[in-house]
Amino acid sequence: MADTHSVIGTKNKKGQTFTDTWEMLNEAPRTPSFFTGSEVIKEALRRASCDVMIAYPITPQSEAAALIGELFAEGYIGDYFRGESEFAVMSQCAGAAFGGARVFTTTAGPGTMRAMENFPMWAGARLPIQMIVTCRGINSPLSIQPDTLEIAYLLNTGMLVWHAETAQDFFDWILKGYMVSEEPDVHLPLALCCDGFFVTHTKDVVNLTPADMCLPPYDPYRSPVPCMDMECPPVRMMRDPFVMKSNYISYATHASWQQEVWAAVERSRKHTIRWINGLIETENIDAEVLIVSSGTAVSQGREAIRLLEDEGISCGLVKIKSLRPWPGEEIREATKNAKHIIVPEFNVTGWLAKEIKASIPNSDRVNAGPHVCGGMTMPPEIIVSEIKTLLGMRTMSLAGRGS
Amino acid sequence: MSKERIKISEDLYDIMPSDYQDLVKSATYGKEDRGWKDIGNSKELIEQHSLCAGCPESMAFRYILASLPNPEDTVMVGSTGCTSLVFPMVAVHNIHSLFGNQNAIASGLKRALSVRFPGRTKDVVVLAGDGATVDIGLDMTLQAWFRQEKFTTICFDNELYANTGGQESGLMQKGFVAKMAPVGKLFDKVRLPEIARESGCHYVVQCTVSKPSLIEKVVRNAVMISREIGPTYLQLYTPCILEIGKNSMEGLQEMRDSEKPTERFAYKEFISEPAKELLAELAAKDKEKKAAAKQLAAQGA
């Protein structure tokens, strides 16, 4: 059963010191390093005291998944193997988490979609698995290019969903994510999303924590549901299986369990705010025009703001970090003075704009777009053009947009 | 886990359900020579079940649970279907997650338990129906075997989808008329025992559950071999009496009829060379132990 003495300060078999996570991430010295996003995932995992990682090749996460295999070969991960498909991999992750392991996996695009049946099961079974989603197109004809449509499908699974803008976000959030996911009053899986290629395959300066420090191990006996390891009594879980029963008790049980999963998402709010320093970040929100977005669309928004400043137009920024829990209150507050809310997105449907519209008064202030999809980049100029059009200003016609 | 773990605090004893009290008083966790003969003398690890009256699957459940060599450190994995109606009443940890992913769950589970409890025995046993094992989950069934995952897969073969009302399955006999096979099934019963052998299983048995002593033997062998060597597979005929038009009391006869040497459930067995060696070793140890016990008894007398 649960160990009563602390492992903080002791060493693991690789000589890393189990360190208080807050101290490791907020107080320990950082070393600037020039890495690709995939390499950053590996470096985060080196420090994550991960028990089981399960891999499957799909662009653009294959490199990260393979690099974590190297960590396993070096002895940093308890077990590692390649599964046979994303559906199987996510079930293997579930099995490992049911057995009390800290579990990590990575996927992308069609793989996320193939595995989809698993995600509400993970949340319902309260498995704090962390899954990196390096978003890519899910459309036919086949595309491997960046596109964030798959995130829309994850929003109603009961998983926590965060959207990283940079490799630095990624490094910190992988480690912080476990701290939120594994809280007894949360105990839910986390989909940590980023825009494929833009984050995974570009190099950036990332400030890393010391390699000789690692997270304290996961304690499965803090879980709100029993760990399936036969180390605690195998209680009879129910009088009758609820699956086939068509009666009030069955309906009430399922309904209350679904409500509990979403209540756990809500309870994660306070932990998420503490660990990632708020669900959103804001700049200059007194401006009449605000760009509100998530992922690398935020970076393009920053660039657009710089271009607008050159022309004397003031524009603020809201970066949404967590999509579940959803920062409705924060967005409402941040946008209260805005006349125009621009929501640039790397997908065709504009799911983020819809979420924002549903959260704020006077939602006709929301301009859904610009949208790019199918792997197109989002030049800051098209955001600038969209804003100037909204403001009734003349704008240069951009190539490919018609007249 | 040992039997110590299921003990009840004295202060709470009287408010615990009687089935739990029975479990503490007279279950067979930790009993080395546990087997089907304990049924009737001790608390079984299955409380009740909500299967149909006379369902051979309920017999199979009882024999298997009585025969697991190490239930105090065994975790079972089920799937969707009639078996999922029973598992909530089973006194070993068990997992239901999705339909057909049982061997994937078991792969992750077994590896997690190996990482977390090095040097300790933690057995994993999958028990699922033929739809889960052979149709929707075939990919994961086979891939777990290819990877030589160290757990036992048991398939309750009732030759159709029972829980959804008797639809055609891959293990159904050719020509059988069922829902979704309105003119009779057009292809042969999938030969999973042969496929299991070719896929790397070290111990494969196909039989019916008409004889509890046989089930005890094959379950024990399968678990011991999967613990030490690699994957094992048991395919047990548990006819769905409801869907083949039999009465409650006719399940046993149906199994006896189907296990005749010329019939499709004639006993079939494959044992790999390393598994044969292990079984011989275990038999020798068993013999030694019995001889020592006999000697001890003689000295005592």
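The table below lists the values:
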{"quantity": "Scan of the range A:121-158 for residues that are among the aliphatic types (A, V, I, L, M) and under 13 Å from the mean Cα position of the chain (by Cα), ordered by number", "calculated": "A:129, A:131, A:132, A:133, A:151, A:152, A:154, A:155"}
{"quantity": "Scan of the range A:132-187 for residues that are β-branched (Val, Ile, Thr) and either assigned by TED's automatic domain parsing to the domain that holds residue A:352 or closer than 29 Å to residue A:205 by Cβ (or both), ordered by number", "calculated": "A:132, A:133, A:134, A:144, A:148, A:151, A:161, A:166, A:174, A:180"}
{"quantity": "Every residue from the range B:266-301 that is surrounded by fewer than 10 Cβ atoms within 10 Å (Cβ to Cβ) and either in a helix (DSSP H, G or I) or in contact with a Lys or Arg (Cβ under 7 Å, 6 or more places away or on another chain) (or both)", "calculated": "B:273, B:297, B:298, B:299, B:300"}
{"quantity": "Residues of the range B:134-164 classified as modelled with pLDDT of 95 or more, over 15 Å from residue B:197 (Cα atoms) and among the aliphatic types (A, V, I, L, M), total", "calculated": "3"}
{"quantity": "Restricting the range B:60-97 to residues that are within 9 Å of another protein chain (Cβ to nearest Cβ) and assigned to a helix (DSSP H, G or I), the residue that is surrounded by the most Cβ atoms within 10 Å (Cβ to Cβ)", "calculated": "B:71"}
{"quantity": "Residue within the range B:222-240 that is closer than 17 Å to residue B:133 by Cβ and over 14 Å from the mean Cα position of the chain (by Cα) present", "calculated": "yes"}
{"quantity": "Meets criteria (in contact (Cβ under 8 Å) with a residue 24 or more places away in the chain, under 16 Å from residue B:155 (Cα atoms) and either assigned to a loop (DSSP other than H, G, I, E, B) or touching a helix residue (DSSP H, G or I) at 6+ places or on another chain (Cβ under 6 Å) (or both)) for residue B:197", "calculated": "no"}
{"quantity": "Selection from the range B:63-87 of residues that are closer than 25 Å to residue B:41 by Cβ and out of contact with any Asp or Glu (no Cβ under 6 Å at 6 or more places or on another chain)", "calculated": "B:63, B:64, B:65, B:68, B:69, B:71, B:72, B:73, B:76, B:86, B:87"}
{"quantity": "Those residues of the range B:138-160 which are in contact with a helix residue (DSSP H, G or I) (Cβ under 6 Å, 6 or more places away or on another chain) and in a loop (DSSP other than H, G, I, E, B), in sequence order", "calculated": "B:149, B:150, B:151"}
{"quantity": "Residue, farthest from residue A:105 (Cα to Cα), within the range A:49-69, restricted to residues that are within 14 Å of chain B (Cβ to nearest Cβ) and touching a Leu at 6+ places or on another chain (Cβ under 9 Å)", "calculated": "A:49"}
{"quantity": "Matching residues, the range A:98-121, being at the interface with chain B (Cβ under 9 Å from one of its Cβ atoms) and touching a residue at least 40 places away in the same chain (Cβ under 8 Å)", "calculated": "A:98, A:99, A:100, A:101, A:103"}
{"quantity": "Those residues of the range B:115-134 which are more than 7 Å from chain A (Cβ to nearest Cβ), out of contact with any helix residue (DSSP H, G or I) (no Cβ under 8 Å at 6 or more places or on another chain) and not in a loop (DSSP other than H, G, I, E, B), in sequence order", "calculated": "B:130, B:131"}
{"quantity": "Which numbered condition residue B:100 misses (of (1) part of a loop (DSSP other than H, G, I, E, B); (2) on the phi < 0 side of the Ramachandran plot)", "calculated": "(2)"}
{"quantity": "The listed residue being β-branched (Val, Ile, Thr) and within 17 Å of residue A:212 (Cβ to Cβ), out of A:52, A:7, A:40", "calculated": "A:7"}
{"quantity": "Among the residues listed as B:111, B:147, the single one being surrounded by fewer than 24 Cβ atoms within 10 Å (Cβ to Cβ), free of Cβ contacts under 8 Å to residues at least 60 places away in the same chain and facing another protein chain (nearest Cβ under 10 Å)", "calculated": "B:147"}
{"quantity": "Elements of type helices (runs of 4 or more DSSP H) in the range A:4-120, at least 2 residues being under 25 Å from residue B:145 (Cβ atoms)", "calculated": "A:62-74, A:86-98, A:109-114"}
{"quantity": "Residue among A:74, A:43, A:27, A:70 that alone is of a type in the set (Asp, Glu) and surrounded by 15 or more Cβ atoms within 10 Å (Cβ to Cβ)", "calculated": "A:43"}
{"quantity": "Selection count where residues are surrounded by 16 or more Cβ atoms within 10 Å (Cβ to Cβ), in a loop (DSSP other than H, G, I, E, B) and away from every other protein chain (no Cβ under 11 Å), scope the range B:1-50", "calculated": "4"}
{"quantity": "Qualifying residue in the range A:130-143 (condition: over 26 Å from residue A:297 (Cβ atoms), within 14 Å of chain B (Cβ to nearest Cβ) and outside any loop (DSSP other than H, G, I, E, B))", "calculated": "no"}
{"quantity": "Residues of the range B:200-228 satisfying the condition of being in a loop (DSSP other than H, G, I, E, B) and either surrounded by fewer than 18 Cβ atoms within 10 Å (Cβ to Cβ) or free of Cβ contacts under 8 Å to residues at least 40 places away in the same chain (or both)", "calculated": "B:200, B:211"}
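The values are calculated or read from the model by the stated rules, or taken from the named source; none is laboratory data. Note that the structure is a prediction, hence the values are computed from the model and not measured. Glycine gets a Cβ as well: all are built from the backbone with ideal geometry, and neighbour counts include every protein chain shown.
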